[in-house]
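A short write-up of the structure that comes next.
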Amino acid sequence: MQITNTTDYALRIIDYLSEKGNLATEAELADNLKMPIRNISKIMNILKNNNLINSEMGFNGGYSLAKNPERISYFDVISATESSMNLNKCLERNGVCSRNCIETCNVRKVLLKVQEDINQNLKNITFENSFNQSEIIEKRYLLLKVDLNSLDMNIISIKSKFSDLFNNYMTYDEFLYKFINHCVSKEDRDRVKSFLIDFKNSEKYYQDSKVKYRSEDGKTWMDLDKRIDDTQMVLMFKSYEYIYGNQDKTNISYLQQDMMIVNEFWDMVSLLETVLAHNKLEDHESLHNISFFTEQIYKELQLNFPEYGILDNEIENISKLATIHDIGKISTPYEVLNKKGKLTKEEMDIVKKHPEDGANMALKLPKCNSTKKLVHYAYNICLYHHERYDGHGYPKGLKSDDIPLEAQVVGLADAYDALISERPYKRKINHGEAVRMIVNGECGSFSPKVILSFIIASMNKTWIEKVSK
């Protein structure tokens with residue numbers, strides 16, 4: 001069983017309210033938990049109807065827990081938001097068996113025992129004891145860029161303790177001193193320092209390497225990624241695993257670990273969006289537009305072509321992942337991407353490498369049972385969004401439905417957005433002309449079903465209003 005996004009959001013909302021201890025507004029929840037505000041009202045109604053939260057109206061109103069955190073279990077929340085928690089239909093109250101042998105089926109007996117264990121474990125985890133502070137990873141992120149000639153430092157994204165220590169007014173030497181002495185365990189300091197200064201004598205045009213180290217208190221494993229090209233070095237620091245010491249790691253709920261990794265997955269997606277925007281590879285508006293276009297096309301596919309079996313959470317996840325379809329462009333020279341005028345064949349060959357570069361980056365996203373499918377979607381979107389239905393795309397030259405559906409839809413959304421957006425090498429065109437060009441195959445060939453869904457979606461009022469701003 002894989003929980004829906006609604007359940008994931010509900011668990012995080014209850015956790016937030018249990019930690020805060022007083023009222024929180026929908027806007028506050030959306031901002032702090034990075035959730036779409038449109039989803040929160042629906043979730044709050046479900047939680048309220050199940051007596052898990054209270055709401056107060058008025059200027060100073062908001063939401064709070066209806067019970068003490070120790071009286072709310074994970075089972076309470078999941079059973080409120082999922083239509084069924086059972087592994088198979090034969091385990092339902094009025095179970096159905098195609099062979100009419102519910103009482104004698106050995107498979108059902110095994111599934112029933114597993115189901116009972118799952119339910120009991122979820123009932124045992126409450127929002128008071130589920131995330132004991134000694135077991136939480138303190139989320140730390142730092143993404144910075146260093147000019148290899150001047151050693152000027154530019155912080156792109158920063159979170160947690162790092163925010164108190166570092167800023168863009170520091171030199172790289174000042175940063176090194178502070179980082180090594182305040183953020184790295186004594187045992188790892190020499191090794192990490194050597195890693196961070198090992199760039200001046202590098203003879204490689206491109207270098208990509210990684211080191212693992214312990215935080216200053218020895219409680220958290222940290223990842224440090226280093227990427228060097230001819231003019232700059234990009235460093236990314238992030239926490240990824242709690243060090244349990246003598247504690248038996250099996251005592252920590254697998255559900256908790258999975259949830260933490262899922263949250264880290266979406267944090268990394270958000271971080272990649274920030275990198276794309278910071279490096280002017282995509283602006284935030286285009287990223288959000290492509291996500292919106294993908295969502296609208298998918299909804300029409302779901303409605304008009306039930307043979308695809310598209311689920312609501314599939315639409316939501318793929319739409320969110322559409323924003324990182326071009327992350328491979330991080331490795332493409334800036335002057336090539338922003339060249340005014342037609343690219344040479346050699347330059348075009350360089351640009352055409354970005355799908356494979358992006359797919360390799362997608363494979364490095366955080367993995368657990370709950371993110372396997374998400375990583376798969378991200379990989380397909382990055383690698384195949386320039387493939388075309390007639391086989392004339394790149395990098396693999398796939399054709400027809402050999403191209404994953406998520407890549408087909410994001411590819412069309414990306415092509416449409418490129419038409420209605422201004423680029424260094426082209427003017428933007430209006431919505432009607434862009435639709436005509438897509439339908440006529442002037443941006444490559446797309447699946448007839450995807451084209452039809454695009455046409456219907458592009459006539460919706462919300463779509464027209466969005467592109468008319």
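All of the numbers you see were taken from the coordinates with simple rules; none came from a lab. On a predicted model such as this, the values are computed, not experimentally measured, just so you know. Ideal geometry is used to build each Cβ from the backbone, glycine not excepted, and the neighbour counts take in all protein chains shown.
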Taking every pair of alpha-carbon atoms in region 265-468, give the share separated by more than 26 Å as a whole percent.
29 percent
Once the Cβ-Cβ distance between Lys193 and Leu311 is put in as r, and R0 is 56 Å, what FRET efficiency do you end up with, to the nearest 0.05?
0.70
Whole-Hz Karplus couplings 3J(HN,Hα) for region 336-342, θ = phi - 60° and coefficients 6.51, -1.76, 1.60, Gly and Pro as x, run 6, 5, 10, 5, 8, x, 6
Quickly work out the Cys105-to-Asn124 label distance, labels modelled 7 Å from Cα along the C-beta direction, and quote it in nm with one decimal.
2.8 nm
DSSP-assigned coil residues among chymotrypsin sites (Phe, Trp or Tyr not before Pro) in region 1-79, each with at most 10 further Cβ atoms within 10 Å:
Phe59
As an exercise, use a Förster radius of 56 Å and the Cβ-Cβ distance of Asn32 and Thr344 to find the FRET efficiency, rounded to the nearest 0.05.
0.70
What FRET efficiency, computed as 1/(1 + (r/R0)^6) with R0 = 22 Å and r the Cβ-Cβ distance, is obtained for Asn167 and Gln232, rounded to the nearest 0.05?
0.70
Could you give the spread of the C-alpha atoms of region 328-376 along their three principal axes, from largest to smallest, in whole angstroms?
46, 15, 12
Past the 30 Å Cα-Cα mark, which pairs from Lys42/Lys161; Lys42/Lys212; Lys67/Lys367; Lys178/Lys212; Lys20/Lys466; Lys320/Lys353?
Lys42/Lys161; Lys42/Lys212; Lys67/Lys367; Lys20/Lys466
Under 12 Å from the 7 Å Cα→Cβ point of Asn149, by amide nitrogen: which residues of region 321-361?
none
Could you check the simple spin-label distance between Asn49 and Lys186, using points 7 Å along Cα→Cβ, in nm with one decimal?
5.9 nm
Under the rule rounded for a/c under 1.5, else prolate if a/b exceeds b/c, else oblate, using alpha carbon gyration tensor axes a ≥ b ≥ c, region 359-469 is classed as prolate
